[in-house]
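This report refers to the structure that appears directly beneath it.
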Amino acid sequence: MNQPLRVRYAPSPTGHLHIGGARTALFDYLLARRHGGAFVVRFEDTDQTRHKESGIEDQLNGLRWLGLEWDESVDIGGPYGPYRQMERLDIYQTYLDQLVQSGHAYHCYCSEADLEQERAEQEARGEMGGYSGKCRNLGAEQIAAYRAEGRIPSTRFRVPEGRIIGFEDKVRELVEFESNGIGDFIIARPDGIPTYNFAVIVDDHMMKINLVIRGEEHLSNTPRQILMYEALGFPVPVFAHLALILNPDRKKMSKRDESIIQFIEQYKELGYLPEAVVNFIALLGWSPGGEEEMFTKEELIAQFDLDRVSKSPAVFDMDKLNWMNNAYLKKAPLSRVVELCVPHLQKAGYIQGDLDAARHEWVTALVGLNQERMRFAAEIVELSSIFFKEELVIDEEAAAVLKEEHVPVVLASFLTQVEQAEAFTVEAIPALLKQVQKDTGFKGKQLFMSIRSALTGQVHGPDLNVSLYLLGKEKVASRLRNLL
């Protein structure tokens, strides 16, 4: 590619950033950064029935959270703006007029009722549906009659017959379509607003986009767009159509599929780390070529290439994402994980208001105790519930342990140590346990499992010393008294 690489992510502002859109944006971003090119974010907002006023900011916020900085967009401008289609209508009109004047497009006066009748007649004859070309060669007299009726035309592109339209796709290699199967299609509605297929090629040309990465659902649009590129004398960009992302059942992902968290905003709210989500999304259809799966953004930029993007669908595996995020959480500074967890503890009502120094130290110990186990920050609520609930729930294994003969002796001795302790800190607790061992003669499982079962209701769990400190002296003493 002789020209500097220019790629774009061009969503409709109809909602939050979806996982499929995030993958497209990520692949655009990685290639632009690797090759010193430009990553453009623009918005296809011509469908005003689905437009959400917050949609643009929702999309940009999703990209910001992922760390995908753009070079041109609605917020920072750029040399090829505006970056919203509804602000570019006069530009589209110029090229619509050019296509009509050159004979590559024509005005179609068919109403919705006309088109519906035509479809019904085709169906009755057992024919494939499609526009018949009724208005392809209207005479001046018929046009005048339609105008007199007050009909406002749409604009259709005149598809040439008998053409094979082929292109080299960067993912799928040679792709070919027959023009006879396309039919003349609408490129501007009666209100003058262009359709997607037309607006997108004008935008890509004028913004000098030379590589178009998008999902395979756009594959059938490509021959239409190539014909319009040719008709307008525009150079055709390189295309790369990404395979679908499937759900764990290997079925097409639906926005109603609850087995997958589908919107980037949800990952942020649940306390995933953006670098883990980026790492995971990068592997949805792209293979780095080795066994390594953990990559920083900089490593992805250095390695990413479309040559290793698969033609086969990618399967979205929530278990793998959770495993990956857990690995990132383990390595993250404890202070950062605490910051992610605090809002969830507050929402659950476990902590209130601002944390003073002592409470912050306690919460830090709580998060540190569970950092190795958390898949995402919101799990801190479930993992730490035993430290907040007054009523102790004892599971079957712990109940069985508590029936053993030595347990009352161990618990009574530990209660004495707790009541007499001047300090009940993580550092002080081992000495208390050691004294119980010395006084009772019980050690190992008989000692530690008895105390853990009595105070947490579970046989196994994280560090016992920290767990006891988090429960606090009063709660530990109270639970021991209740059991004894």
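Tabulated data
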read-out	value
Residue ID - surrounded by the fewest Cβ atoms within 10 Å (Cβ to Cβ), chosen from residues in segment 395-424 that are polar (S, T, N, Q) and more than 15 Å from ARG452 (Cα to Cα)	GLN420
Single condition VAL159 does not satisfy, out of (1) more than 16 Å from ARG136 (Cβ to Cβ); (2) part of a loop (DSSP other than H, G, I, E, B); (3) open to solvent by less than 20 Å² (accessible area, probe 1.4 Å)	(1)
Residue pairs meeting the criteria (Cβ under 7 Å; at least 6 apart or on separate chains; first without any contact (Cβ under 8 Å) to a residue 40 or more places away in the chain and buried (at least 22 other Cβ atoms within 10 Å of the Cβ), in segment 194-216; second among the aromatic types (Phe, Trp, Tyr) and in a helix (DSSP H, G or I))	ILE201/TYR229
Tally of residues being open to solvent by 50 Å² or more (accessible area, probe 1.4 Å), assigned to a loop (DSSP other than H, G, I, E, B) and within 20 Å of ARG481 (Cα to Cα) across segment 443-467	1
Which listed residue is touching a Ser or Thr at 6+ places or on another chain (Cβ under 6 Å), hydroxyl-bearing (Ser, Thr, Tyr) and open to solvent by less than 50 Å² (accessible area, probe 1.4 Å), from TYR83, TYR106	TYR83
Selected residue [outside any helix (DSSP H, G or I) and within 41 Å of the chain's Cα centre (by Cα)] from TYR92, TYR131	TYR131
Near pairs, Cβ below 8 angstrom, 6+ apart or cross-chain, from segment 383-406 (charged (D, E, K, R)) to any residue that is assigned to a helix (DSSP H, G or I)	GLU397/SER453; GLU404/GLN446; GLU404/SER450
For PHE295: the one exception among (1) open to solvent by 50 Å² or more (accessible area, probe 1.4 Å); (2) without any contact (Cβ under 8 Å) to a residue 24 or more places away in the chain	(1)
Where a residue in segment 355-380 is closer than 13 Å to LEU345 by Cβ and assigned to a loop (DSSP other than H, G, I, E, B) and its partner, wherever it lies, is open to solvent by less than 30 Å² (accessible area, probe 1.4 Å) and of a type in the set (A, V, I, L, M), with Cβ under 6 Å and at least six apart	MET374/LEU329
Selection from segment 425-442 of residues that are open to solvent by 80 Å² or more (accessible area, probe 1.4 Å), closer than 14 Å to ASN465 by Cα and more than 48 Å from the chain's Cα centre (by Cα)	LYS434
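Okay, residues lined up against (1) among the hydrophobic types (A, V, I, L, M, F, W, C); (2) crowded, with 21+ Cβ neighbours inside 10 Å; (3) touching a Leu at 6+ places or on another chain (Cβ under 6 Å); (4) at pLDDT 90 or above:
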| position | (1), (2), (3), (4) |
| --- | --- |
| THR14 | no, no, no, no |
| LEU30 | yes, yes, yes, yes |
| ARG34 | no, no, no, yes |
| ASP47 | no, no, no, no |
| LEU60 | yes, no, no, yes |
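The values are calculated or read from the model by the stated rules, or taken from the named source; none is laboratory data. Just so it is clear, the model here is predicted, and its values are computed rather than measured. All Cβ positions, glycine included, derive from the backbone under ideal geometry; neighbour counts span all protein chains shown. These area figures cover heavy atoms from the full protein model, side chains too; ligands, DNA and RNA do not enter into them. Shrake-Rupley method; radii C 1.70, N 1.55, O 1.52, S 1.80 Å.
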